[in-house]
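What follows is a single structure, written as structure tokens, with notes after it.
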Amino acid sequence: MSVHNSVRKVTTHVLYEMKLKGEKIAMLTGYDFSMARILDQAGVDIILVGDSASNVMAGFETTLPITLDNMIYHAASVVRATSRALIVVDLPFGTYQGNSKKALASAVRIMKETGASAVKLEGGEEIIDSVERILSAGIPVMGHLGLTPQAIHKFGTYVVRATDNEEADKLIKDAQKLEKTGCFGIVLEKIPATLGEKVSGMLRIPTIGIGAGNKTDGQVLVVHDMLGITQEFSPRFLRRYHNLNAEISGAVKTYIEDVRSGDFPNDREQY
Ligand code: KIV
């Protein structure tokens, strides 16, 4: 029997079971009540309240400006909409790096003020103290390796990461360290497919890929990208399942015409 039928709520334990059974995990980002309700009812396993909200919801160039208060607002909206999916919330830039006490305080605010089930942090060895302290409070942590957008000013570019042996070796060590420390899963972003497969095969915990090939234990996409609401972002890994931008634009243009022509509202649409 598939875990989809045997459990109501997706937990971190369900994700381990899915990996053991070879069932792929479907994760999407979500930032607001209405979209999260659609994603949850459609059966997505994990909703990531990603700091990509900084880009797609707030219009910033990078994920750096979004605040903990902003993330809490988005996450609480998603939690209110969701009954099945596991909800993971990104700790935003500046709320956990280099200070494990601050990291725990940030994670506690997310858990208390949103009702989400887990947090996600970007990085490996360099943030391990923060990961450890958050875990010590009983808060599940997801890792994120490879292209970590909060470090964009260090990388200087959004190109594929870990293409050389040195960076690939560090990524493998970081993944093992995150697993040993107690993370329940790791996002692998924009790395060679062979490395995604290798890391996924080495770990007991599930990996969720975005541009990391099809051998990771699950996949994640930014929902605005996969639905074609955003148009300008077109990396190779992105499959667009819809062109909502064109659909919404068409509907809005028709509405404008109807208002201007006096066709809307008609006799049946008034009191
Ligand atoms: O913030 C986000 O959307 C993410 C995904 C790209 C994994 O971290």
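Structure notes:
- Among the residues making up region 182-208, those that are among the β-branched types (Val, Ile, Thr) and under 13 Å from Leu145 (Cβ atoms) are Ile186, Val187, Ile191, Val199, Ile205, Thr207, Ile208.
- Only one of the numbered conditions (1) surrounded by fewer than 20 Cβ atoms within 10 Å (Cβ to Cβ); (2) among the hydroxyl-bearing types (Ser, Thr, Tyr); (3) touching a strand residue (DSSP E or B) at 6+ places or on another chain (Cβ under 8 Å) is violated by Thr82, and that is (1).
- Filter result for Ala107 (in a helix (DSSP H, G or I), within 27 Å of Phe155 (Cβ to Cβ) and in contact with a Gly (Cβ under 9 Å, 6 or more places away or on another chain)): no
- Just one residue in the set Arg161, Arg133 is over 20 Å from Thr12 (Cβ atoms) and in contact with a Leu (Cβ under 9 Å, 6 or more places away or on another chain); that residue is Arg161.
- Answer from Gly196, Gly211 - the residue that is more than 30 Å from Ser34 (Cα to Cα), within 14 Å of the ligand (Cβ to nearest atom) and at pLDDT 95 or above: Gly196
- Within region 134-146, the set of residues being surrounded by fewer than 24 Cβ atoms within 10 Å (Cβ to Cβ) and either within 16 Å of the ligand (Cβ to nearest atom) or farther than 25 Å from Pro65 by Cβ (or both) comprises Leu135, Ser136, Ala137, Gly138, Pro140.
- One residue from Arg109, Arg84, Arg80 being more than 16 Å from the ligand (Cβ to nearest atom) and touching a residue at least 60 places away in the same chain (Cβ under 8 Å): Arg84
- The set of residues in region 3-29 being touching a residue at least 40 places away in the same chain (Cβ under 8 Å) and either under 27 Å from Ala151 (Cβ atoms) or assigned to a helix (DSSP H, G or I) (or both) consists of Thr12, Val14, Leu15, Tyr16, Met18, Lys19, Ile25, Ala26, Met27, Leu28, Thr29.
- Test result for Tyr255, without any contact (Cβ under 8 Å) to a residue 24 or more places away in the chain, in a loop (DSSP other than H, G, I, E, B), among the hydroxyl-bearing types (Ser, Thr, Tyr) and away from the ligand (no atom under 16 Å from the Cβ): no
- Candidate set from region 30-51 (those that are in contact (Cβ under 8 Å) with a residue 60 or more places away in the chain and over 15 Å from Leu227 (Cα atoms)); member that is nearest to the ligand (Cβ to nearest atom): Gly50
- Where Ser130 falls short, out of the listed (1) small (Gly, Ala, Ser); (2) surrounded by 17 or more Cβ atoms within 10 Å (Cβ to Cβ); (3) under 18 Å from the mean Cα position of the chain (by Cα): (3)
- Selection count, region 52-64, where residues are in contact with a Phe, Trp or Tyr (Cβ under 7 Å, 6 or more places away or on another chain), outside any helix (DSSP H, G or I) and either within 8 Å of the ligand (Cβ to nearest atom) or of a type in the set (Ser, Thr, Tyr) (or both): 1
- Screening Gly22 with (1) touching a helix residue (DSSP H, G or I) at 6+ places or on another chain (Cβ under 9 Å); (2) away from the ligand (no atom under 14 Å from the Cβ) gives one miss only, at (1).
- Any chance Phe237 is within 12 Å of the ligand (Cβ to nearest atom), closer than 24 Å to Met35 by Cα, in a loop (DSSP other than H, G, I, E, B) and out of contact with any helix residue (DSSP H, G or I) (no Cβ under 7 Å at 6 or more places or on another chain): yes
- Taking the numbered list (1) surrounded by 15 or more Cβ atoms within 10 Å (Cβ to Cβ); (2) more than 14 Å from the ligand (Cβ to nearest atom); (3) within 20 Å of the chain's Cα centre (by Cα); (4) under 19 Å from Thr12 (Cα atoms) in turn, Lys177 passes all entries but (3).
- Residue check for His74: assigned to a helix (DSSP H, G or I) and at pLDDT below 95: no
The values are calculated or read from the model by the stated rules, or taken from the named source; none is laboratory data. Note that the structure is a prediction, hence the values are computed from the model and not measured. Cβ sites come from the backbone with ideal geometry, for glycine too, and all protein chains shown count toward neighbours.
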